[in-house]
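Only one structure is covered here, and it is reproduced in the block below.
The values are calculated or read from the model by the stated rules, or taken from the named source; none is laboratory data. Just so it is clear, the structure is predicted and the values come from calculations on it, not from any experiment. In this analysis, Cβ positions are derived from the backbone assuming ideal geometry, glycine residues included, and neighbour counts consider all displayed protein chains. The area values use the complete protein model at the heavy-atom level, side chains included, leaving out ligands, DNA and RNA. Shrake-Rupley method; radii C 1.70, N 1.55, O 1.52, S 1.80 Å.
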Amino acid sequence: MTLEEKAAYASGQAFWTTEPVERLDIPSIWLADGPHGLRRTNSPEGMGMGGSRPATCFPTAAGLAASWNTDLVERVGAALGREAQAQDVQVVLGPGANIKRSPLGGRNFEYFSEDPLLSGRMAAAHIRGVQSEGVGASLKHYVANNQEYHRMSTSAEVDERTLREIYLRSFRIPVQRADPWTVMVAYNRVNGTFATEHDSLLHVLDEEWGHSGIAISDWGAVQDRVAATRAGLDLEMPGKDAHDQQLVEAVQSGALSASTLDRRVRETLEMVLRADRLHRPDVEFSDAMRERHHDLAREAAAESFVLLKNEDDLLPLDASADRQVAIIGAFAKTPRYQGAGSSRVNPTQVSTVYDALAETLGSEQITYAPGYPLNEEDGDADSLRADAVETARAADVALVFAGLPPASETEGSDRTTLQMPDSHTRLIEAVAEAQPSTGAVLSNGSAVAMPWRSAPKSILETWLAGQAGGRAKADVLLGRTNPSGKLSSTFPKQLSDTPAYLNFPGGDREVRYGERFFVGYRYYDEKNIEPLYPFGHGLSYTTFEVSDLSLDADSAHSSEGVTARVQVTNTGDRRGQEVVQLYLHDPESWLRRPPQALRDFQKVALAPGEAQTVQFALQEMDFAAWDPRRDRWTVESGAYEVRVGTSSRDLPLRETVTIEGPSADQGPVLDQHSTISQWLQDPEGRQVIRPLLQKMQAAMGGGEEGGQPGMQEIFGTLPLSTLASFSGGMITEAMIEQMVQRVRSAHEAPEATPEDPQEK
Ligand code: BGC
């Protein structure tokens with residue numbers, strides 16, 4: 001390839017396609033949104049917001065994550081991959097693994113969780129599914145793209161430890177477990193540098209994590225084309241001729257090495273040729289495939305619903321023939337089933353819960369009232385509500401379908417409140433007052449506050465449930481499917497309780513991640529704030545018991561890990577699924593740690609009375625924390641408490657294991673500013689300074705024990721460097737320097753520095 005061909009190849013041809021090189025028989029491939037359905041536009045030019053080919057609209061990531069079922073998410077991914085094959089698309093832009101830093105994030109519906117382990121595993125499953133069909137996934141948006149406000153210019157100001165443990169980890173897991181063909185690099189800046197030009201973040205991706213695919217820009221995210229290429233960005237999307245020219249000139253002037261550009265182009269070529277090789281022109285988006293995928297969308301939706309509350313077993317509905325069911329709320333006929341922005345899918349069909357309930361119950365058994373206006377022409381909220389109240393009163397049971405209006409969940413802007421519209425909340429309260437058997441069914445892609453929570457007997461959270469959400473709702477409401485979803489993010493009582501409250505969304509150029517790694521439940525736990533519904537919460541129509549937690553060892557070296565076993569029993573009278581969750585608590589540690597963190601989970605299906613043993617393999621990474629002074633993952637030795645249960649606030653089973661971490665990982669990194677106590681606590685440090693301290697103490701008229709009371713307290717808090725002034729010349733600055741060198745070389749001996757633990 002000529003220099004000009006290479007420069008052109010490093011960016012797209014049109015909005016959605018890569019550059020072909022006809023002379024060399026190199027094809028062009030098509031990249032299309034993602035993540036929960038294919039948005040294959042009719043033309044390769046332009047954003048194509050106006051129209052795209054019909055595709056299955058699956059539940060958005062917020063819902064999929066609430067299933068806590070990685071197999072299910074992988075099957076959804078595979079369906080996306082098949083549709084991509086059928087539509088001649090080679091890369092599907094998704095999944096999004098950004099952490100939900102605040103419930104107000106405008107794209108929270110497109111993201112999985114506030115927790116990096118859950119988010120990372122869901123993303124890995126999605127990628128495995130898509131790629132199993134010979135189509136690439138694009139893990140996005142790398143990284144710290146946690147808000148919409150000024151998303152193209154703001155700088156996420158976030159410390160290294162927080163990045164590593166929360167925001168990067170959500171990407172590290174899918175990169176190491178599923179190796180996506182592409183990673184999409186975000187618009188925003190991270191600590192001042194645009195993500196697309198961020199050499200250390202791109203280095204982490206490629207070199208530290210071993211990503212074998214390519215880094216592509218989010219659409220229009222490249223500011224400085226040469227800096228981005230140098231930093232590690234392989235492909236700019238869409239293309240810009242001026243940028244191609246800049247690359248040519250940079251290579252000609254020597255500002256960019258020709259080998260760097262070669263490397264970027266080679267990686268993209270490898271991906272394009274692989275995509276071409278794996279393309280299956282025979283795959284058709286047939287009627288049969290449409291139906292199968294609609295059924296999968298229905299199954300996925302039903303499994304993502306979270307039963308938040310269910311007093312007096314209001315659900316499943318008693319739908320005996322003589323019972324009248326009032327269906328209240330315009331969402332029952334005009335569902336909200338996806339969010340707005342680049343992920344908007346043109347569905348192959350849309351089911352409504354009204355039709356689905358009518359189909360089973362028959363139209364004589366149901367009544368309907370819209371309850372609130374969707375548009376101005378629908379009438380005023382007060383009279384619609386009054387009608388709905390009468391409809392509900394006349395029935396035996398009422399279901400209110402409510403949630404967030406479409407405009408509040410969209411790419412490009414964040415929400416400003418946790419409240420649902422007044423017309424929805426007042427409707428729930430008024431209907432519940434008139435009809436004691438009232439249940440609320442919510443459609444929203446992110447947490448909402450529920451000051452009205454005590455009014456209805458049941459609350460079913462159905463997220464943005466995709467095109468088959470209506471049928472899925474009927475399945476769960478009527479008990480054909482037993483709900484088994486769990487919250488993948490905390491529902492707070494009020495906005496001021498949320499972790500990023502003081503720092504979201506920041507100013508127009510900068511947002512400070514002041515809550516650090518206390519994100520999501522880590523924050524509520526640390527601050528002892530009672531959430532509305534905690535992370536991991538979700539009810540079922542049956543009951544489960546978890547019991548008999550045992551560990552295979554009382555103590556272990558971190559490299560060996562430890563296995564936990566627990567029994568889970570279905571103690572009710574229906575078949576159902578439970579998500580058993582394991583958290584680790586580190587009671588005493590040098591690095592400050594959140595009170596507990598999710599380290600594993602498993603979803604089990606059980607018949608009534610059935611029991612199963614669930615096994616969790618805890619490995620080195622589960623005990624690790626990022627130590628900013630050592631600039632790597634470390635495992636502190638000591639006791640760890642294993643906590644198991646069915647929500648982050650319901651962990652009745654606890655066992656302790658003593659873990660021995662690598663010796664180089666223990667305690668603070670010592671230097672002249674470390675205190676005498678810190679030196680004494682460190683095995684190497686103690687050896688280095690003890691003889692001197694003894695000499696000093698003897699000179700000051702006391703033995704180790706014989707000194708005046710409080711010696712240890714007084715001297716222990718002093719930095720080592722002060723000894724040079726306090727020892728009367730006995731200890732010099734040069735000696736201190738030597739001590740620091742000695743302890744450093746003991747700690748940094750090559751055999752002492754452990755390898756980074758891998759994601760399991
Ligand atoms: C979004 C991406 C999307 C891309 C292409 C961007 O604005 O941030 O998520 O994949 O557009 O539509």
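Worth pointing out:
- Accessible area expressed per residue, region 226-287, with surrounding protein chains retained (probe 1.4 Å, Å²): 50
- Residue 717 versus residue 360: modelled label distance in nm, points set 7 Å from Cα along the beta carbon direction: 6.7
- The residues of region 352-428 expose on average 44 square angstrom of accessible surface per residue, using a 1.4 Å probe on protein heavy atoms.
- Cα extents for region 474-515 along the principal axes, largest to smallest and rounded to whole angstrom: 50, 20, 13.
- Cα-based equivalent ellipsoid, region 377-447: semi-axes from gyration tensor eigenvalues, Å: 26, 14, 9
- Overall form of region 1-149 per C-alpha gyration tensor (a/c, 1.5; a/b vs b/c): prolate
- Summed residue charge, Cβ within 14 Å of residue 352's Cβ, Lys/Arg positive, Asp/Glu negative: +2
- Taken about its Cα centre, the chain carries a charge dipole of roughly 240 debye when the Cβ of each Lys and Arg holds +1 and the Cβ of each Asp and Glu holds -1.
- Largest-first principal axis extents, alpha carbons of region 254-346, Å: 80, 38, 23
- Of 100/333; 333/473; 457/527; 473/493; 309/527; 309/473, pairs whose Cα-Cα distance is over 19 Å: 100/333; 457/527; 473/493; 309/527
- Centre-to-centre, using Cα atoms only, region 574-602 and region 145-194 are separated by 24 Å.
- Extension gain, residue 1 to residue 555, is 193.6 nm, computed as 0.36 nm per intervening residue step minus the present C-alpha separation.
- Convex hull of region 585-722 built on C-alpha atoms - directionally averaged projected area, nm²: 11.6
- Gyration tensor (alpha-carbon) shape descriptor, region 440-481, a/c threshold 1.5: oblate
- Taking the C-alpha atoms of region 176-315, convex hull volume expressed per residue in Å³: 197
- Rounded percent of accessible protein surface that carbon and sulfur make up, the chain, 1.4 Å probe: 46
- Potential extension, residue 377-residue 732 segment - 0.36 nm per residue separation minus Cα distance: 119.3 nm
- Note on region 112-171: percent of Cα-Cα distances in each 10 Å bin, starting at 0 and stopping at the bin with the largest distance, equals 21, 44, 29, 7.
- Across the alpha-carbon atoms of region 32-112, the computed radius of gyration and Dmax are 13.3, 38 angstrom.
- Sorting the segments 550-558, 612-620, 431-439 by their mean number of nearby beta carbons within 10 angstrom, highest to lowest, gives 431-439, 612-620, 550-558.
- Solvent exposure, largest accessible area first (probe 1.4 Å, DNA, RNA and ligands not counted), of 512, 522: 512, 522
- Euclidean distance of C-alpha centroids, region 464-486 and region 295-364, integer Å: 6
- Once the C-beta distance of residue 259 and residue 744 is scaled by a Förster radius of 41 Å, the resulting FRET efficiency is 0.70 to the nearest 0.05.
- Label sites at residue 565 and residue 394, each approximated as a point 7 angstrom past Cα along Cα to Cβ, lie 6.1 nm apart.
- Region 12-51, Rg to Rh (Cα coordinates; Rh as Kirkwood inverse mean 1/r): 1.05
- Each other residue within a Cβ distance under 15 Å of residue 672 adds +1 if Lys or Arg and -1 if Asp or Glu, for a net charge of -1.
- Each eigenvalue of the Cα gyration tensor of region 68-227, multiplied by 5 and square-rooted, gives one semi-axis; in descending order these are 24, 17, 15 Å.
- Label-point separation in nm, residue 573 to residue 160, each point 7 Å along Cα→Cβ: 6.1
- Orientation-averaged projected area, Cα convex hull of region 473-563 (nm²): 11.0
- Of interest is the spacing of the C-alpha centroids, which for region 495-546 and region 84-142 amounts to 22 Å.
- Summed residue charge, Cβ within 9 Å of residue 87's Cβ, Lys/Arg positive, Asp/Glu negative: 0
- The chain: calculated mean residue ellipticity at 222 nm from DSSP helix runs of at least 4, using -39500 (n - 2.57): -9000 deg cm²/dmol
- In straight-distance terms, cross-link reach from residue 240 covers every one of the lysines whose alpha-carbon lies under 21 Å from its own, apart from those fewer than eight places away in the same chain; here that gives 6.
- Between the beta carbons of residue 224 and residue 686, assuming R0 = 45 Å, the FRET efficiency works out to 0.35 to the nearest 0.05.
- Solvent exposure of region 36-180 as accessible area per residue, Å², 1.4 Å probe: 19
- Three principal axis lengths of the chain [C-alpha, angstrom, descending]: 99, 70, 46
- The slack in the chain from residue 698 to residue 591, taken as 0.36 nm per residue of separation less the alpha-carbon distance, amounts to 35.1 nm.
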